[in-house]
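J.: I have a structure here, written as structure tokens, and I will follow up with some questions on it.
The values are calculated or read from the model by the stated rules, or taken from the named source; none is laboratory data. What you are looking at is a predicted structure, and each value in this text was computed from that prediction instead of being measured. Reconstructed Cβ throughout: ideal geometry from the backbone, glycine too, with neighbour counts over all protein chains shown.
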Amino acid sequence: MLDKRKFYINGEWVDPITQNDLYVLNPATEKPIAVVSLGTAEDIDRAVTAARKAFASYSRTSVEERLALLEKLLAIYKRRYDEMADTITAELGAPKTMSREQQADVGVGHLQGYIDALKNLKLREKLPNGDTLLREPIGVCGLITPWNWPVNQIALKVVPVLATGCTCVLKPSEFTPLNAMLYAEMIHEAGFPAGVFNLVNGDGIHAGAALSKHKDIDMMSFTGSTRAGIAVSKDAADTVKRVTLELGGKSPNIVFADADIEERVTASILECFNNSGQSCDAPTRMLVERSVYDKVVEIARRVGREARVGDPTREGSHIGPLVSHIQYERVQALIEAGVAEGAILLAGGPGKPEGFETGYFVKPTIFAAVNNTMRIAREEVFGPVLSIIPFDTEEEAIEIANDTNYGLAAYVQTGDPERAQRVAARLRAGMVHINGGPHRYGSPFGGYKQSGNGREGGMFGLEDFLEVKTVHLPDAA
Ligand code: NDP
């Protein structure tokens, strides 16, 4: 078992101020793989002090210096790529192939996306009225990240900090701290000055809240549940920090009768199940035009029953376990709620899949005849659970799609390009995917409504970490 009890503060690995061990479990075996420490407010304070001190000089480095450091980090990440993929498989349970092709790959993509954006960032510009506008690093940032796409979230927050001349303290999820510690090793090797990046493990209510409340933190960037995002915002309010939030979703996927039904429905189901359904932008509400509803139900029944869970250490397209026992219980409760509310079970259902009694495995589950008032249509399940809802008209589809507290992603499947654009314009969501159009690195990621504030990735992601200063000169004589 790995001993990972130290924190990375001021350029070195240090012991926690108070010993407080936590075992990290492998979700497929339920066995401990490492021991880490849970940090306290004192550890956070020590890290914030280091970050504050480093800000004085790092904020004044040039873009060229920071680009050189980021290029180095990219080379190191590529060299240690397989280690990152294996770490995520061990602590999250993401299957080997998925870890390598998706979970670890985003670490390269986002870093490259930010490097490209930094090269085009205008830090000084003349406004049409003659004033000068400067963009400056906001300061010391507190970063809190979840377990579901762990290095994705770390890269989306840490890289813009490093790129803009900010400094930070990262508190990753206590369920997946090992990939964050590996990332810290890479940052160290790349040669970023001591104190620019600091890492303290810990839980949300102690270490997380201490970060949000700390008077020397200028900005909080949070990804996770809407519940915790609200807590971070409240904790940050007394010191008027900027708070950016990337929260949950209940993303609609509108399937019109004129789409390539077989191909689009199959791909949509697999996308919903990807990462065991633990993605904030998963297409979890499939809205289906009534004229093709029976056909879609048949495809969903077949694809759902063919979907397989399996050992994450094996190559293949199977899905792994959920991250933790808590998540397992949450997902079970929502599957049971779906049954109790009268939705029709096409595949899966409550309980563990046969042969997977150990590990937090759940059955890939599809419900039909769902209506948008049911819990499975309103709450983020965060498991491989799809709800199918029929509709009659385009107008009704838009209405159901927007009838949610969330607004992260939306999906449209149609053979009519004009309809695709017309519907996309009416959906209250930060990202609309048409006929499988993927999210590309460098494009903004984020949501409307209770899915959050701010955008991550590329130029928009950099701007979130910048202050704007206007310099006024006297009118020319
Ligand atoms: P949380 O939102 O609780 O966890 C995300 C991060 O926030 C973790 O680092 C957590 O710390 C931290 N945190 C929790 N509470 C606070 C707080 N009061 N102040 C500061 N930081 C805090 O997610 P859960 O793990 O509990 O998952 C619950 C649900 O959240 C899921 O079922 C899913 O619906 C949703 N979720 C959404 C994500 C997204 O990407 N939108 C990501 C993860 C979850 P720690 O866990 O270490 O205590």
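J.: Please enumerate the residues belonging to segment 95-119 that are in contact with a strand residue (DSSP E or B) (Cβ under 9 Å, 6 or more places away or on another chain) and either modelled with pLDDT under 95 or within 20 Å of LYS157 (Cβ to Cβ) (or both).
T.: Selection gives HIS110 alone.
J.: Within segment 435-457, does at least one residue satisfy the condition of being more than 22 Å from ASN275 (Cβ to Cβ), touching a helix residue (DSSP H, G or I) at 6+ places or on another chain (Cβ under 7 Å), touching a residue at least 12 places away in the same chain (Cβ under 8 Å) and surrounded by 16 or more Cβ atoms within 10 Å (Cβ to Cβ)?
T.: no
J.: Moving on. Residues being among the aliphatic types (A, V, I, L, M) and under 26 Å from the mean Cα position of the chain (by Cα): count how many of those fall in segment 3-18.
T.: Qualifying residue count, segment 3-18: 1.
J.: Something else about it: Select, from PHE256, PHE222, PHE273, PHE197, the only residue that is near the ligand (Cβ under 10 Å from one of its atoms) and aromatic (Phe, Trp, Tyr).
T.: None of the other options fit; the residue is PHE222.
J.: Name the residues in segment 162-178 that are β-branched (Val, Ile, Thr) and either free of Cβ contacts under 8 Å to residues at least 60 places away in the same chain or within 30 Å of LEU322 (Cβ to Cβ) (or both), would you?
T.: Once the filter is applied, which keeps residues that are β-branched (Val, Ile, Thr) and either free of Cβ contacts under 8 Å to residues at least 60 places away in the same chain or within 30 Å of LEU322 (Cβ to Cβ) (or both), segment 162-178 yields VAL169, THR176.
J.: Can I ask one more? Among the numbered criteria (1) more than 26 Å from the chain's Cα centre (by Cα); (2) assigned to a helix (DSSP H, G or I); (3) of a type in the set (Val, Ile, Thr), which one does VAL370 miss?
T.: Condition (2) is where VAL370 drops out.
J.: Report yes if some residue within segment 211-218 is more than 7 Å from the ligand (Cβ to nearest atom), within 23 Å of LEU22 (Cβ to Cβ) and not in a helix (DSSP H, G or I); otherwise report no.
T.: Checked against the condition, which is being more than 7 Å from the ligand (Cβ to nearest atom), within 23 Å of LEU22 (Cβ to Cβ) and not in a helix (DSSP H, G or I), segment 211-218 yields at least one hit.
J.: Between a first residue in segment 3-32 that is at positive phi and a second residue that is outside any loop (DSSP other than H, G, I, E, B) and crowded, with 17+ Cβ neighbours inside 10 Å, which pairs have beta carbons less than 6 Å apart while being 6 or more apart in sequence or on different chains?
T.: ASN10/ALA50
J.: Among what's in segment 116-158 and is buried (at least 21 other Cβ atoms within 10 Å of the Cβ) and in contact with a His (Cβ under 6 Å, 6 or more places away or on another chain), pick the residue that is farthest from PHE197 (Cα to Cα).
T.: It comes out as LEU156.
J.: Shifting gears a bit: Within segment 323-357, track down each residue that is within 16 Å of the ligand (Cβ to nearest atom), of a type in the set (Gly, Ala, Ser) and within 17 Å of ARG378 (Cα to Cα).
T.: ALA333, ALA337, GLY338
J.: Also: Quick check, is ILE299 touching a residue at least 60 places away in the same chain (Cβ under 8 Å) and away from the ligand (no atom under 14 Å from the Cβ)?
T.: Answer is no for this residue.
J.: If ASP311 satisfies all but one of (1) of a type in the set (D, E, K, R); (2) more than 16 Å from the ligand (Cβ to nearest atom); (3) under 24 Å from the mean Cα position of the chain (by Cα); (4) assigned to a helix (DSSP H, G or I), what's the number of the condition it fails?
T.: Looking at each condition in turn, ASP311 falls short on (4).
J.: Could you look through segment 232-265, keep only residues that are of a type in the set (Ser, Thr, Tyr) and part of a loop (DSSP other than H, G, I, E, B), and pick out the one that is nearest to GLY304 (Cα to Cα)?
T.: Per the criteria, the residue is SER251.
J.: Moving on to the next point. Got at least one residue in segment 125-139 being modelled with pLDDT of 95 or more and within 16 Å of the ligand (Cβ to nearest atom)?
T.: no
J.: Another question, then. Filter segment 159-206 down to the residues that are surrounded by fewer than 22 Cβ atoms within 10 Å (Cβ to Cβ) and within 15 Å of THR223 (Cβ to Cβ) and list them by number.
T.: Of everything in segment 159-206, those that are surrounded by fewer than 22 Cβ atoms within 10 Å (Cβ to Cβ) and within 15 Å of THR223 (Cβ to Cβ) turn out to be GLU174, PHE175, GLY204.
J.: Collect the residues in segment 175-194 that are away from the ligand (no atom under 16 Å from the Cβ) and in contact with a helix residue (DSSP H, G or I) (Cβ under 7 Å, 6 or more places away or on another chain), keeping them in residue-number order.
T.: Matches in segment 175-194: LEU182, MET186, ILE187, GLU189, ALA190, GLY191, PHE192, PRO193, ALA194.
J.: Collect the residues in segment 337-376 that are loosely packed, with under 15 Cβ neighbours inside 10 Å, under 26 Å from GLU30 (Cα atoms) and without any contact (Cβ under 8 Å) to a residue 24 or more places away in the chain, keeping them in residue-number order.
T.: The answer is GLY351, GLU354, GLY355, GLU357.
J.: Return only the number of the condition from (1) part of a loop (DSSP other than H, G, I, E, B); (2) in contact with a helix residue (DSSP H, G or I) (Cβ under 7 Å, 6 or more places away or on another chain) that LEU73 does not satisfy.
T.: (1)
J.: Now for a different question. Out of everything in segment 233-249 that is under 16 Å from the mean Cα position of the chain (by Cα) and within 7 Å of the ligand (Cβ to nearest atom), what residue ends up being surrounded by the fewest Cβ atoms within 10 Å (Cβ to Cβ)?
T.: So the residue we want is GLY248.
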